[in-house]
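Colleague: Let me give you the structure first, and then I'll get to my questions.
The values are calculated or read from the model by the stated rules, or taken from the named source; none is laboratory data. All of these numbers come straight from a predicted model, not from anything done at the bench. FYI the Cβ positions are ideal-geometry reconstructions off the backbone, even for glycines, and counts take in every protein chain you see.
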């Protein structure tokens with residue numbers, strides 16, 4: 001790594017077109033004085049224009065330039081020759097070129113993707129690694145940038161490609177001039193408003209000799225077909241300015257998308273919480289149900305991004321998540337990628353691993369100790385978790401059956417006595433109390449047969465009093481005339 005030095009006169013920008021490229025880079029809003037810039041450098045026309053232009057600006061803007069060349073080994077000896085040429089170009093610019101090897105064919109097979117996608121993945125991983133090395137040397141991470149050479153034609157082709165695949169407004173925004181890498185470093189694209197023709201003119205004007213990848217001139221993959229066949233056909237038969245129109249479309253989409261994204265993130269900030277016990281993201285949808293679907297689509301996408309599931313965020317999946325917001329079923333759920341689910345729990349949607357849904361508190365972790373005592377002997381210790389009933393009322397109904405009171409979770413047919421001698425199914429009580437379905441099996445009860453004597457204190461219960469003391473059967477309440485007490489104490493099993 002070396003600090004950039006003054007460019008040689010032979011390679012200085014000379015023509016009006018090449019000066020325009022430099023000015024466009026300066027006005028791109030991507031360059032900061034004193035930046036340490038990792039430059040993705042294949043040696044091809046685009047990356048050579050980028051590196052050469054940055055080299056020309058280096059002294060005035062106090063850049064440190066670090067060109068990085070990744071040999072993908074996809075074209076045998078040609079790839080090795082291009083590597084040597086890239087190194088020699090950097091030497092002429094008084095820069096040290098960092099060279100990395102990557103077996104893209106093997107990586108593509110491992111990931112199940114094309115060699116092009118594998119190459120892109122490994123390049124950005126290498127750029128991140130270089131940035132981490134710089135940070136470890138004491139360089140401020142906010143001053144480390146990764147520059148790549150996407151140009152205006154790439155932008156047009158990307159928008160058309162995504163439009164053909166059925167993307168939304170976010171995808172139509174195209175390539176962003178600035179974004180964060182996977183490890184949080186800033187990726188910049190200073191040439192994004194420079195056309196390919198302008199880059200070629202820059203190369204000719206400065207008498208540069210770039211690497212040429214002949215595979216780019218073969219219409220054998222979708223991107224190449226768009227560039228070599230579809231766009232020229234549209235230019236000839238429909239709109240000679242189609243590339244400019246697509247870029248303008250991307251600019252409009254980016255403005256609209258940024259505005260809606262800002263609203264979505266603001267809503268998520270107040271509506272999202274983390275449930276560490278279930279390793280879950282909990283989204284309060286009370287306010288979201290009043291929002292436009294365009295906002296909620298972004299909210300759903302933000303949730304998936306937070307869980308690292310953005311790659312599986314298809315149009316259909318996003319719509320399915322939004323349907324949970326408005327569903328009349330308070331416990332509806334859908335499957336997500338990577339073994340996750342999204343589950344409606346009344347006024348929330350919970351995103352969590354499927355194996356965490358319905359986690360139960362093990363009954364074996366607790367003991368229920370029934371005791372019978374005279375009322376004047378009943379003096380519970382502060383902090384104990386207990387229930388107390390009129391023993392004589394209980395014994396009249398269940399004579400000699402105190403030993404049959406058990407601690408368990410809910411069962412089919414369970415009921416609890418409520419006021420005025422009436423009873424309610426435990427299932428109906430849970431529904432009325434808005435206890436989420438996934439939590440119902442974690443709530444402990446003290447029961448005899450199907451009758452619930454005591455719903456043990458639980459954070460899911462609807463009132464502060466019940467969360468502290470639990471919910472008691474009204475059949476066996478203590479009164480002033482009670483003589484004996486049925487005392488149920490809950491302790492942690494040893």
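Colleague: For residue 424, work out the one condition from (1) under 23 Å from residue 487 (Cα atoms); (2) surrounded by fewer than 17 Cβ atoms within 10 Å (Cβ to Cβ); (3) touching a strand residue (DSSP E or B) at 6+ places or on another chain (Cβ under 7 Å) it doesn't fulfil.
Modeller: Here residue 424 meets the rest and fails (1).
Colleague: Of the numbered conditions (1) at pLDDT 90 or above; (2) closer than 23 Å to residue 71 by Cβ; (3) buried (at least 20 other Cβ atoms within 10 Å of the Cβ), residue 157 satisfies every one except a single condition; which is it?
Modeller: The failed condition is (2).
Colleague: Counting just the residues of region 287-299 that are touching a residue at least 12 places away in the same chain (Cβ under 8 Å) and more than 12 Å from residue 271 (Cβ to Cβ), which one comes out surrounded by the most Cβ atoms within 10 Å (Cβ to Cβ)?
Modeller: 298
Colleague: Something else about it: Any residue in region 471-494 that is free of Cβ contacts under 8 Å to residues at least 40 places away in the same chain sitting within a Cβ distance under 9 Å of a residue that is outside any loop (DSSP other than H, G, I, E, B)? List the pairs, counting only those 6 or more apart or interchain.
Modeller: 481/390; 494/367
Colleague: Sort out which residues of region 399-421 are under 14 Å from residue 452 (Cβ atoms) and surrounded by 15 or more Cβ atoms within 10 Å (Cβ to Cβ), and write them in order of number.
Modeller: Within region 399-421, 405, 407, 409, 410, 414, 415, 416, 417 meet the criteria.
Colleague: Can you tell me which of (1) farther than 30 Å from residue 197 by Cβ; (2) part of a helix (DSSP H, G or I) is the one residue 120 doesn't meet?
Modeller: (1)
Colleague: Separate question: Tell me the strands (runs of 3 or more DSSP E) entirely within region 440-494 that contain at least 3 residues that are touching a helix residue (DSSP H, G or I) at 6+ places or on another chain (Cβ under 7 Å).
Modeller: Hits in region 440-494: 484-492.
Colleague: Take the residues in region 212-253 that are within 34 Å of the chain's Cα centre (by Cα) and not in a helix (DSSP H, G or I); name whichever of them is surrounded by the fewest Cβ atoms within 10 Å (Cβ to Cβ).
Modeller: Only one residue tops the list, namely 220.
Colleague: Listed residues 311, 347, 284; which is touching a residue at least 24 places away in the same chain (Cβ under 8 Å), closer than 21 Å to residue 442 by Cα and not assigned by TED's automatic domain parsing to the domain that holds residue 411?
Modeller: Unique residue meeting the criteria: 347.
Here's the yes/no breakdown for (1) farther than 20 Å from residue 467 by Cα; (2) modelled with pLDDT of 75 or more:
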| residue | (1), (2) |
| --- | --- |
| 357 | yes, no |
| 360 | no, no |
| 375 | yes, yes |
| 385 | no, yes |
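Colleague: Across region 168-184, what is the number of residues that are modelled with pLDDT of 90 or more, within 14 Å of residue 258 (Cβ to Cβ) and part of a loop (DSSP other than H, G, I, E, B)?
Modeller: Total meeting the criteria: 2.
Colleague: Could you tell me whether residue 53 is touching a residue at least 24 places away in the same chain (Cβ under 8 Å), within 22 Å of residue 196 (Cβ to Cβ), in contact with a strand residue (DSSP E or B) (Cβ under 8 Å, 6 or more places away or on another chain) and buried (at least 19 other Cβ atoms within 10 Å of the Cβ)?
Modeller: no
Colleague: Need the failing condition index for residue 145 against (1) under 30 Å from residue 313 (Cβ atoms); (2) assigned to a helix (DSSP H, G or I), just the number.
Modeller: Residue 145 satisfies every listed condition except (2).
Colleague: Looking at region 259-281 only, could you name the residues that are in contact (Cβ under 8 Å) with a residue 60 or more places away in the chain and surrounded by fewer than 13 Cβ atoms within 10 Å (Cβ to Cβ)?
Modeller: Once the filter is applied, which keeps residues that are in contact (Cβ under 8 Å) with a residue 60 or more places away in the chain and surrounded by fewer than 13 Cβ atoms within 10 Å (Cβ to Cβ), region 259-281 yields only 277.
Colleague: Here is a check on your reading of the model: is residue 429 under 38 Å from the mean Cα position of the chain (by Cα) and at pLDDT 90 or above?
Modeller: Yes: the conditions hold for residue 429.
Colleague: Would you check if residue 178 is closer than 25 Å to residue 18 by Cα and crowded, with 16+ Cβ neighbours inside 10 Å?
Modeller: Spelling it out, it is not the case that residue 178 is closer than 25 Å to residue 18 by Cα and crowded, with 16+ Cβ neighbours inside 10 Å.
Colleague: Does at least one position in region 129-143 carry a residue that is surrounded by 17 or more Cβ atoms within 10 Å (Cβ to Cβ), in contact (Cβ under 8 Å) with a residue 60 or more places away in the chain and under 26 Å from the mean Cα position of the chain (by Cα)?
Modeller: Taking every residue of region 129-143 in turn, at least one turns out to be surrounded by 17 or more Cβ atoms within 10 Å (Cβ to Cβ), in contact (Cβ under 8 Å) with a residue 60 or more places away in the chain and under 26 Å from the mean Cα position of the chain (by Cα).
Colleague: Determine which member of the set 34, 29, 40 is modelled with pLDDT under 95 and either farther than 24 Å from residue 199 by Cα or in contact with a strand residue (DSSP E or B) (Cβ under 8 Å, 6 or more places away or on another chain) (or both).
Modeller: One residue alone meets the criteria, 29.
Colleague: Follow-up. Could you run through region 94-112 and say how many residues are surrounded by 15 or more Cβ atoms within 10 Å (Cβ to Cβ), outside any helix (DSSP H, G or I) and out of contact with any strand residue (DSSP E or B) (no Cβ under 8 Å at 6 or more places or on another chain)?
Modeller: 1
Colleague: Something else: So is residue 198 farther than 30 Å from residue 125 by Cβ and assigned by TED's automatic domain parsing to the domain that holds residue 125 or not?
Modeller: yes
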